[in-house]
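> Below are the structure tokens for one structure; questions will follow.
The values are calculated or read from the model by the stated rules, or taken from the named source; none is laboratory data. Everything numeric in this text was worked out from a predicted model, so none of it was measured. Ideal geometry is used to build each Cβ from the backbone, glycine not excepted, and the neighbour counts take in all protein chains shown. These accessible areas exclude ligands, DNA and RNA; they are computed on the full protein's heavy atoms, side chains included. Shrake-Rupley method; radii C 1.70, N 1.55, O 1.52, S 1.80 Å.
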Amino acid sequence: SAADLGETAAPPTQPADALPSAPDLGVSETKLEPLGPPAVELDAPTPADTAAPTQPAAALPSAADLGETTLPAAALPSATDLGVSEEKLELWREHGGGDLEPVLASGAVALLDAQWIISHAEAGGVLAHRQALPKEAFLSLADLVEATTYGSLPVAALSYPWLTKDHPDPRGANLARVARALKALLSRPDFIPRLGVFWDFGSLHQHPDPANGVMRTEEQNALFKQGLGCLGTLYSHQHTWVLRLTSFPDGHKAEDQAEGTNVAKYFDRGWCFTEQSWAGLTKAGHLSLDLGKMRAGKEYDYDFASLVDDCTQSGGRRPPLLPSAFAAELETKSFTNGKDDKPLVKRLYEAAFEEQFGKATELDYGRLGWGDAEAAQLAEVLASGAAPRLETLYLHRNEI
């Protein structure tokens with residue numbers, strides 16, 4: 001009853017003959033008429049008539065139908081399990097952090113602490129493979145949850161060309177360039193208090209010394225494969241950052257590299273093209289930064305805004321590609337291990353495309369310097385029905 005629910009009961013309705021008439025009250029019949037709710041025309045449709053029919057539960061699309069890979073809530077750790085606040089965990093998962101939890105929890109992927117990268121670079125260091133890095137080089141899942149703020153996840157994925165066959169950055173030149181950008185991103189602790197960086201060499205299990213036969217263990221190999229399967233989510237996730245090193249560091253010469261090294265430039269490499277394409281799906285413009293556009297001699301240490309402006313300037317971000325268009329363009333790119341990698345990245349791209357567009361309700365492609373050609377490419381993607389939940393599309397400050 002109303003009393004049981006703590007509600008105030010309405011006074012009992014009086015029969016019509018108990019109510020005072022217009023003469024009793026000394027008012028006109030016209031003034032007395034609207035005492036009740038407005039009359040409803042019998043032929044007019046009611047809200048119930050015009051509402052969309054309710055689907056039975058069995059008819060609603062499943063997560064698998066929508067291309068989602070989110071684990072059921074019961075399978076994800078609680079705030080108590082992680083030792084974090086309920087509010088932070090809720091915010092992390094509202095931003096889709098749950099999509100990354102399986103590989104972070106299993107150890108398939110380990111994210112480097114951006115502050116550690118900065119310190120290591122300033123000390124003149126070179127990045128070692130994952131198994132050789134100290135524990136303090138990494139952020140835990142709990143660290144990431146506690147660092148979550150409104151607008152994005154505290155996760156950045158690095159896209160870059162390896163400089164040699166055995167080590168991606170033997171002189172630490174790229175380490176220094178990445179650290180330069182990270183200092184600017186961390187200069188806004190209200191926005192990014194801490195940042196976990198996916199850097200393949202330090203985040204996935206590597207062969208420690210293949211030249212001397214020291215390879216990944218069987219367990220590490222299984223985790224490595226699990227990590228590869230999550231790459232599409234890491235780079236394409238709507239709320240992760242992607243940092244793209246699209247140019248070689250000063251002093252690097254392709255002709256000096258050993259035989260068998262992939263010496264192609266960033267935009268000609270298969271994996272780099274794939275990572276860039278993932279990053280171009282549904283992210284807001286400021287979350288995909290082309291570090292190749294950083295100005296020489298410019299100190300970005302405490303200049304977050306300048307870094308974002310420089311690294312998102314015209315030409316730094318292409319519109320999304322349909323999977324068929326991606327597959328066609330991929331044929332022109334080079335892979336060190338193309339036989340195995342090419343079919344793998346095609347599958348991963350299509351899965352990421354369907355997952356991210358399938359759940360996107362808002363797309364922000366503002367301030368990217370796009371013209372009519374880019375608008376036509378985006379229109380082709382949207383016309384395909386890829387984004388059935390889309391409600392808002394931002395294209396402000398372009399040249400369309």
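> So ASN212 passes all but one of these: (1) touching a Lys or Arg at 6+ places or on another chain (Cβ under 9 Å); (2) open to solvent by 40 Å² or more (accessible area, probe 1.4 Å); (3) among the polar types (S, T, N, Q). Which condition number does it fail?
So ASN212 meets the others, but not (1).
> Could you list, in sequence order, all residues of the range 293-305 that are open to solvent by less than 30 Å² (accessible area, probe 1.4 Å) and within 16 Å of SER247 (Cα to Cα)? Walk me through it before giving the result.
Going residue by residue through the range 293-305, those that are open to solvent by less than 30 Å² (accessible area, probe 1.4 Å) are 294, 300, 304.
Hit for the range 293-305 is MET294, nothing else.
> With the checklist (1) more than 16 Å from LEU153 (Cβ to Cβ); (2) out of contact with any strand residue (DSSP E or B) (no Cβ under 6 Å at 6 or more places or on another chain); (3) of a type in the set (A, V, I, L, M) in hand, flag the one item ALA264 doesn't pass.
Of the numbered conditions (1) more than 16 Å from LEU153 (Cβ to Cβ); (2) out of contact with any strand residue (DSSP E or B) (no Cβ under 6 Å at 6 or more places or on another chain); (3) of a type in the set (A, V, I, L, M), the odd one out for ALA264 is (2).
> Pairs under 9 Å by beta carbon, first residue under 13 Å from GLY125 (Cα atoms) in the range 171-190, partner of a type in the set (D, E, K, R) and assigned to a helix (DSSP H, G or I), six or more apart or different chains?
ALA176/GLU122; ALA179/GLU122
> Mind listing just one residue for me: the one in the range 260-283 that is of a type in the set (Lys, Arg) and more than 15 Å from SER236 (Cβ to Cβ) and, of those, least open to solvent (accessible area, probe 1.4 Å)?
Going residue by residue through the range 260-283, those that are of a type in the set (Lys, Arg) are 265, 269, 283.
Subset that is more than 15 Å from SER236 (Cβ to Cβ): 265, 269.
On the way: LYS265: 137, ARG269: 19 Å².
Step by step, filter the range 260-283, then rank; the result is ARG269.
> Can you name the helices (runs of 4 or more DSSP H) wholly within the range 197-256 that have at least 2 residues being within 26 Å of the chain's Cα centre (by Cα), closer than 22 Å to LEU153 by Cβ and of a type in the set (A, V, I, L, M, F, W, C)? Lay out the reasoning, then the answer.
Values: elements: 200-203, 218-229, 231-236.
Qualifying helices (runs of 4 or more DSSP H): 218-229, 231-236.
> Sticking with this structure for a sec: Six or more apart or on different chains, Cβ atoms under 7 Å: show the pairs whose first residue is in the range 89-103 and closer than 11 Å to LEU76 by Cβ and whose second is in a loop (DSSP other than H, G, I, E, B) and open to solvent by less than 20 Å² (accessible area, probe 1.4 Å).
Short answer, once both residue conditions are applied: TRP92/THR148; GLY97/THR148; GLY97/LEU153; ASP99/HIS237.
> Just need a number here: residues in the range 255-299 that are hydroxyl-bearing (Ser, Thr, Tyr) and modelled with pLDDT under 90.
1
> Just one of (1) in contact with a helix residue (DSSP H, G or I) (Cβ under 6 Å, 6 or more places away or on another chain); (2) of a type in the set (D, E, K, R); (3) modelled with pLDDT of 95 or more trips up ASP310, so point out which.
(3)
> Which one is surrounded by the fewest Cβ atoms within 10 Å (Cβ to Cβ), of the residues in the range 143-188 that are among the acidic types (Asp, Glu) and at pLDDT 95 or above?
Our first condition is that a residue be among the acidic types (Asp, Glu); within the range 143-188, this holds for 143, 146, 166, 169.
Then keep just the ones that are at pLDDT 95 or above; that gives 143, 146, 169.
On the way: ASP143: 17, GLU146: 19, ASP169: 22.
By that ranking, first place goes to ASP143.
> Between residues in the range 244-272 that are free of Cβ contacts under 8 Å to residues at least 60 places away in the same chain and under 24 Å from PRO343 (Cβ atoms) and residues that are assigned to a loop (DSSP other than H, G, I, E, B) and among the basic types (Lys, Arg), which pairs lie under 6 Å by C-beta distance while being six or more apart or on different chains?
none
> For the range 57-139, list the helices (runs of 4 or more DSSP H) that sit wholly inside it and hold at least 2 residues that are surrounded by 14 or more Cβ atoms within 10 Å (Cβ to Cβ) and either modelled with pLDDT under 95 or not hydrophobic (A, V, I, L, M, F, W, C) (or both); which are they?
Where helices (runs of 4 or more DSSP H) fall fully within the range 57-139 and carry at least 2 residues being surrounded by 14 or more Cβ atoms within 10 Å (Cβ to Cβ) and either modelled with pLDDT under 95 or not hydrophobic (A, V, I, L, M, F, W, C) (or both), they are 86-94, 101-106, 114-122.
> Sort out for me the helices (runs of 4 or more DSSP H) sitting completely within the range 306-400 that have 2 or more residues that are open to solvent by less than 50 Å² (accessible area, probe 1.4 Å) and free of Cβ contacts under 8 Å to residues at least 60 places away in the same chain. Break it down stepwise before answering.
Details: elements: 323-330, 338-359, 372-383.
Output list reads 323-330, 372-383.
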